[in-house]
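Before any comments, here is the structure.
Please treat every number below as a calculation from the coordinates, not as lab data. From a predicted model like this one, the values you see are computed outputs, not experimental measurements. As a convention, Cβ positions derive from the backbone with ideal geometry for all residues, glycine included, and neighbour counts pool all protein chains shown.
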2 protein chains.
Amino acid sequence: MKIIADNLQITRSDLADALFHRNPDPFQVLVQAMEAAGAEAIDLNTGPLGRNAAREMAFCVEAVQSVSDLPILIDTANPVAMRAGLEANRKVAVINGISLEPQKMAEILPLAVQYDVDVIGYLLDGRSQMPSDQDDRMAIALELFQRCLSAGLRTEQLIIDPVVAPLIWQDGLRRNRDLLEIVRRLPELLDFPVRTVAGLSNLTTGQGPRNLKRRIEQLYLSMLAAAGLSWVLLDIHHHDTVASVRICQTLLNDDIFAWDPTANDGSSAP
Amino acid sequence: MKIIADNLQITRSDLADALFHRNPDPFQVLVQAMEAAGAEAIDLNTGPLGRNAAREMAFCVEAVQSVSDLPILIDTANPVAMRAGLEANRKVAVINGISLEPQKMAEILPLAVQYDVDVIGYLLDGRSQMPSDQDDRMAIALELFQRCLSAGLRTEQLIIDPVVAPLIWQDGLRRNRDLLEIVRRLPELLDFPVRTVAGLSNLTTGQGPRNLKRRIEQLYLSMLAAAGLSWVLLDIHHHDTVASVRICQTLLNDDIFAWDPTANDGSSAP
């Protein structure tokens, strides 16, 4: 399990301001801090972009890649911005993401094929709703997989996000328990060792004691890791959570154990 | 997943002294503290007993049960002491434990049948060695299960302990990863929802930073919980670890989520 940092959100006022003035410095400072804190990939969440979506996205991608070689997840629902980000990309880009929503299938999925990049597929229905039922989620995974292949994607390009639900939802506990099973069973269901990703912050959305939130996230993360999750999206400044990822990486790999969790850089983890 | 406290070890000098003088007070004080800290069962580990093994064990069981209704795990390899403990028991007792070791099969297992109590079966070979290979461990589980049934045990009475290995062993990481799979697969292997138990302290045996040990234990515990572990044996004074059990219980049950983990007393957990 490797870490995608979710801190690069252009809705942050300092970044929105920097984007407006085409000042790469705040992006670069943040990206370097994210990498130093242990990020193994960076999610670039632009939020809603303005009229100059394409130019804005290109600027963001260039700002990130001017200081980092990490994979960059281009996180936008705007196909024009997505294409501009892929054009600007000079390193490793991942499309974040698609779902069975017709617009995404029609306008985002072909970009993954055209630019030959990995793409995150969310287990959401055609209206971008989370299925409440486990069988529905399995059926969506199969349909998404098959439609990606039909569109010309190679199996290796798809990364599935089964979508963590907020615990405070009425059936939040059941959904997230089902999610563990989905992560474990997807490779068998798709007859391929498909990679999976999950966003951790969604779990503890809402009011709640901060320390308890972190503990819940870390313990659920450990369950996800044991289920075989490939990537986790999290706030890289939650140092305890990052340390927990390192411990999970250690527990689940084949090295000889050592007490220093930082000695394991995750390079041998799945 | 419920908690068995492993703190009642007669090798502790204060308890050894109290036993010698047949003074139940230190036992009672400790047992009440264990229950207050969240113990849902109590392991009574007598260590090597003297010439008066039977009387000493009876005294210990009576001391515990004079202040607590919790299930008591009688943890001795001495069949005379085991029988005395079962005779003294007035509440719920569990035999801890048996293995394929011939002496245990011949002298301890029949006591579980005779006294109609649950019994913990360790996945160890006939010489009480831990199998290093996963297939061997599965084979031992099957043989243990079948020999218990042949001896007249009801399936419901057996609780399997797959035996956590110290991480510092050369293959400690692999063994404990295999253990997660064993816990998950045992019900299918034995075609029965067999209960499982694991002792957590063995994981971090040896020199190592204390806080890191606790974090590793908690994250591995979470993996065990998700794999379906029924009971965990731990130091009840590790409050963070106990809190982690409560969170795991919450994450894995069907209630509606609430931020207070102590609101969940584990009564609806497996």
Taking a label point 7 Å from the Cα of B:Phe192 along the Cα→Cβ vector, which residues of the stretch B:118-136 have an amide N closer than 15 Å to it?
B:118-122
At R0 = 45 Å the Cβ-Cβ FRET efficiency linking B:Thr11 and A:Asp171, nearest 0.05, sits at 0.40
Tell me, what is the percent relative contact order of the stretch A:1-42, built from C-alpha pairs under 8 Å that lie six or more residues apart?
58 percent
Across peptide A:242-252, how many C-beta atoms of other chains are within 10 Å of each residue C-beta, on average?
4
Per the rotation taking chain A to chain B, min distance Cβ-to-axis on chain A (residue, whole Å) equals A:Ser222, 2
Positive-end residue of B:Asn202, B:Pro162, B:Ile95, charge dipole of the stretch B:2-239 with Cβ unit charges
B:Asn202
If labels are modelled 7 Å from Cα along the Cβ direction, B:Asn202 lies from its partners in the other copies at nm distances, smallest first, of 3.8
How much length is gained on full extension from A:Arg51 to A:Ser132, taking 0.36 nm per residue of separation minus their Cα-Cα distance?
25.5 nm
Roughly speaking, what is the centre-to-centre gap between the stretch B:27-58 and the stretch A:94-137 when only Cα atoms are used, to the nearest Å?
57 Å
Treat each spin label as a single point 7 Å out from the Cα along the C-beta direction, and report the A:Ala151 to A:Phe20 distance in nm.
3.4 nm
Once you charge only the Cβ atoms, +1 for Lys and Arg and -1 for Asp and Glu, what is the size of the charge dipole of the stretch B:115-212 about its Cα centre, to the nearest 20 debye?
340 debye
Chain A, relative contact order in percent, only Cα pairs under 8 angstrom and at least six apart counted
18 percent
Under a GNM of chain B (C-alpha, springs under 10 Å), which listed residue has the highest mean-square fluctuation: B:Ala93, B:Ala41, B:Ala227?
B:Ala227
Can you list the distances in nanometres, one decimal and ascending, from the A:Ala36 label point to the identical position in each other copy, with the point 7 Å along Cα to Cβ?
4.7
Relative to the other copies, what are the label-point distances for A:Ser150, with labels 7 Å from Cα along the C-beta vector, expressed in nm at one decimal and sorted shortest first?
5.7
Positive end of the dipole of the protein assembly as shown, charges at C-beta (+1 Lys, Arg; -1 Asp, Glu), about the Cα centre: which of A:Phe257, B:Ile236, B:Ala81 has its Cα farthest in that direction?
B:Ile236
